[in-house]
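S.K.: Mind looking over this structure? Questions follow.
The values are calculated or read from the model by the stated rules, or taken from the named source; none is laboratory data. This structure is a prediction, so every number in the text was calculated from the model and none was measured. Note that we place each Cβ from the backbone using ideal geometry, even for glycine, and neighbour counts take in every protein chain shown. The accessibility values were calculated without ligands, DNA or RNA, using every heavy atom of the protein model including side chains. Shrake-Rupley method; radii C 1.70, N 1.55, O 1.52, S 1.80 Å.
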Amino acid sequence: MFLFQPNSRIRPSPFFEAAVADGLKMANVYNRMIMPTSFGDPEGEYWRLINGVSQWDVGIEQQVQLKGPDAGRLAQILATRDLAGCKVGQGKYVALCDHRGTIFNDPILLKLADDLYWLSIADSDVALWARAIAAERGLTVEISEPDIAPMALQGPKAEDVVAHVFGDWVRGLKYFWFRETEVDGIPVAVQRSGWSKQGGFEIYLKDGTQGTRLWSIFKEAGKPWDIGPGAPATPERVESGLVSVGGDTDDATNPFEVRLERFVDLNVPDDTIGIQALRRIKAEGVRRHQLGIVLQGDTPAPLGVRREDVALDGRRIGMLTNCVWSYRLRANIGFVLVDSAVPVGTEVTVARVSGPAFGRLVEIPFL
Ligand code: THG
């Protein structure tokens with residue numbers, strides 16, 4: 001049995017009831033919402049993502065809406081990536097940094113119109129930040145958290161399911177591009193995206209009262225492809241090298257340290273928050289870098305709630321920010337954030353709760 005008492009601080013997503021009815025067993029809190037994490041068979045859910053199609057309640061990917069004549073200006077002030085070429089119907093993965101160049105969120109930005117943007121955010125209060133910035137800079141833009149919630153279809157068979165529901169036009173969508181449409185009268189936006197590297201789509205529900213209906217439309221449509229419920233899978237995202245901002249970063253991590261350099265444009269206007277710090281950091285040299293680690297041992301030993309120290313010859317060189325059993329590599333793998341001088345191939349010691357463990361630093365992605 002699963003008991004959860006919703007209130008106005010911890011909000012269920014519109015798909016929460018459908019997820020519980022499908023056997024939700026574990027959840028987490030993200031963006032002050034309940035984030036489903038497992039339906040009781042993590043390994044089965046992983047293989048379904050790798051080989052088939054998995055259906056996820058990712059309503060926790062809250063939309064922060066920027067609306068008004070200065071929406072585009074504000075988006076560029078918040079994001080350290082050049083948005084000048086962004087077209088209506090296009091999405092872009094962006095970094096939000098503070099004035100020190102510390103990354104605190106990594107949304108997908110969606111441009112719905114010249115005066116309308118969504119930031120599909122990771123876990124932190126972007127609406128508060130955006131409102132303060134807009135007010136301080138005297139911008140004409142309204143910031144809200146509208147009633148919109150994404151549901152993800154991920155895996156190699158996701159495209160067939162989504163095309164079955166909407167038509168073959170979805171096959172032509174480029175990465176992060178989207179189209180607004182409807183299904184059975186339910187308003188949605190359909191985007192090629194999702195927090196896995198197995199391919200797939202996200203369906204942004206624009207009417208929160210229709211969550212259960214939208215969930216069952218895809219549950220039914222996906223039956224020929226053996227669709228099943230799942231959630232963002234830690235082993236897959238680590239194997240694939242997707243960063244979890246907040247998980248793999250601390251309060252001094254810049255985008256360069258965690259392999260996000262290609263999403264940063266140093267030539268954006270000077271009033272983009274954090275860009276001056278990022279230029280300085282780039283000129284002075286980046287002190288840490290994110291590498292993979294493969295640990296010795298053949299029993300799963302995931303990271304607990306604390307990061308663990310990584311040492312080389314008895315000297316602390318950084319930290320292990322995640323660790324998970326890889327079903328494909330048959331090893332515990334994770335990400336470390338270590339001194340830039342320490343190269344791939346180095347053998348290190350991790351101070352695990354269970355005692356010291358040995359590992360080798362490797363390139364990311366693992367697969
Ligand atoms: N979907 C939606 N919103 C989100 C996420 C999502 N908001 C929070 C979080 N996830 C944002 N983080 C990411 C991180 C990486 C990717 C997507 C969302 C991603 N990255 C690819 C990569 O790094 O290889 C591709 C990036 C590119 O080439 O542009 O897909 O999942 N709605």
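S.K.: List residues of the range 272-316, by number, whose backbone nitrogen lies under 19 Å from a label position 7 Å along Cα→C-beta of residue 265.
M.R.: Output list for this probe position: 272-280, 282.
S.K.: When a/c is below 1.5 the answer is rounded, else prolate if a/b is larger than b/c, else oblate, so apply that to the range 81-178 with a ≥ b ≥ c taken from the square roots of the Cα gyration tensor eigenvalues.
M.R.: Details: a/c = 2.20, a/b = 1.96, b/c = 1.12.
Prolate, since a/c reaches 1.5 and a/b exceeds b/c.
S.K.: Fully extended, how many nm does the chain gain between residue 177 and residue 21 (0.36 nm per residue separation, minus their Cα-Cα distance)?
M.R.: On the way: separation 156, 0.36 × 156 = 56.16 nm, distance 3.15 nm.
Full extension from residue 177 to residue 21 adds 53.0 nm.
S.K.: I want to make sure I understand the PRE zone here: with the label point 7 angstrom from the Cα of residue 351 toward its beta carbon, which residues in the range 266-310 have backbone N atoms less than 11 Å away?
M.R.: 308-310
S.K.: Taking a quarter of the surface of the convex hull around the Cα atoms of the range 204-243, what do you get in nm²? Spell out each step's value before the answer.
M.R.: Values: hull surface 16.6 nm².
Mean projected area of the Cα convex hull: 4.1 nm².
S.K.: Two decimals is fine: what is log10 I(q)/I(0) at q = 0.12, 0.21, 0.23, 0.24 Å⁻¹ for the range 28-94, from a Debye sum with one equal scatterer on every Cα and no solvent?
M.R.: For the range 28-94 at q = 0.12, 0.21, 0.23, 0.24 Å⁻¹, log10 I(q)/I(0) is -0.55, -0.94, -1.01, -1.05.
S.K.: Restricting to Cα pairs below 8 Å that are 6+ residues apart, what does the relative contact order work out to for the chain? Please round to a whole percent. Each step should come with its number before you reach the end.
M.R.: On the way: 833 pairs, mean separation 63.4, N = 367.
It rounds to 17 percent for the chain.
S.K.: Sticking with this structure for a sec: Under a point spin-label approximation (7 Å from Cα along Cα-to-Cβ), what is the residue 296-residue 360 distance to one decimal in nm?
M.R.: So the label points at residue 296 and residue 360 sit 1.2 nm apart.
S.K.: May I pose another question? Dividing the Cα convex hull volume of the range 1-58 by residue count, how many Å³ per residue is that?
M.R.: On the way: hull volume 4.7 nm³, N = 58.
Hull volume over Cα atoms, normalised by residue count, gives 80 Å³.
S.K.: What does the range 280-324 give for Rg and for Dmax, in Å, if only its C-alpha atoms count?
M.R.: My reading of the Cα-based Rg and Dmax gives 13.6, 44 Å.
S.K.: Here's something else I'd like to know. Based only on Cα atoms, what Rg/Rh ratio does the range 244-367 have, Rh being taken as Kirkwood's radius?
M.R.: Numbers: Rg = 15.7 Å, Rh = 15.4 Å.
Here Rg/Rh amounts to 1.02.
S.K.: Within 10 Å, count the other beta carbons around each residue, average over each peptide in 69-80, 348-359, 49-60, and list them highest first. Let's see the in-between values first.
M.R.: Values: 69-80: 21.6, 348-359: 15.4, 49-60: 24.4.
Per-residue Cβ counts within 10 Å, averaged per peptide and sorted highest first, yield 49-60, 69-80, 348-359.
S.K.: Given the range 140-179, what whole percent of its Cα pairs are spread farther than 16 Å?
M.R.: Working: 391 of 780 pairs.
Of all Cα-Cα distances in the range 140-179, 50 percent exceed 16 Å.
S.K.: Calculate, in nm to one decimal, what residue 128 and residue 113 gain on full extension: separation in residues at 0.36 nm each, minus their alpha carbon distance. Could you put the intermediate results ahead of the total?
M.R.: Values: separation 15, 0.36 × 15 = 5.40 nm, distance 2.26 nm.
Here the answer is 3.1 nm.
S.K.: Given the DSSP H assignment, sum -39500 (n - 2.57) over each helix run of at least 4 residues in the chain and divide by its residue total; what's the result at 222 nm in deg cm²/dmol, nearest 500?
M.R.: Working: 8 runs with 72 residues, N = 367.
It lands at -5500 deg cm²/dmol.
S.K.: Taking the Cα atoms of the range 194-293, report the difference between the largest and smallest coordinate on each principal axis, in whole Å and largest first.
M.R.: 55, 36, 21
S.K.: How far apart, in nanometres, would the label points at residue 313 and residue 142 be if each is projected 7 angstrom from Cα along the Cα-to-Cβ direction?
M.R.: Roughly 6.3 nm, to one decimal.
S.K.: Would you mind estimating how fast the range 1-131 diffuses translationally, via Stokes-Einstein at 37 °C and 0.692 mPa s with the Kirkwood radius over Cα pairs, in µm²/s? Display every interim value, and only then the final one.
M.R.: Values: Rh = 16.6 Å.
For the chosen part, D equals 198 µm²/s.
S.K.: Can you compute the equivalent ellipsoid semi-axes for the chain, i.e. the square root of 5 times each eigenvalue of the Cα gyration tensor, sorted largest first and rounded to whole Å? Before the final figure, lay out the partial values.
M.R.: Numbers: eigenvalues 205, 162, 63 Å².
Semi-axes, largest first: 32, 28, 18 Å.
S.K.: Got a sec? What order do 151, 35, 26 fall in by accessible area at 1.4 Å, biggest, i.e. largest, first?
M.R.: Working: 151 0, 35 35, 26 105 Å².
Highest to lowest solvent-accessible surface, that is 26, 35, 151.
S.K.: Evaluate the distance, in nm, between pseudo-label points positioned 7 Å from the Cα of residue 1 and of residue 367 along their respective Cα→Cβ axes.
M.R.: 3.8 nm
S.K.: Moving to a separate point now. Once the mean 1/r over all distinct Cα pairs of the range 131-212 is inverted, what Kirkwood radius in angstroms do you read off? All intermediate terms of the calculation are to be shown ahead of the outcome.
M.R.: On the way: mean 1/r = 0.0705 Å⁻¹.
In the range 131-212 this quantity evaluates to 14.2 Å.
S.K.: Evaluate 2.2 N^0.38 Å with N set to the residue count of the range 218-263, then give the Cα radius of gyration divided by it.
M.R.: Computed over Cα atoms of the range 218-263, the ratio equals 1.71.
S.K.: So if I take the centroid of the Cα atoms in the range 181-239 and the same for the range 329-344, what is the distance between those two points in Å?
M.R.: Result: 32 Å between the Cα centres.
S.K.: Across the range 143-263, how large is the tail of the calculated P(r) beyond 24 Å, expressed as a percent of all Cα pairs? Could the numbers behind the result be given before it?
M.R.: Working: 2527 of 7260 pairs.
I get 35 percent for the Cα pairs in the range 143-263 exceeding 24 Å.
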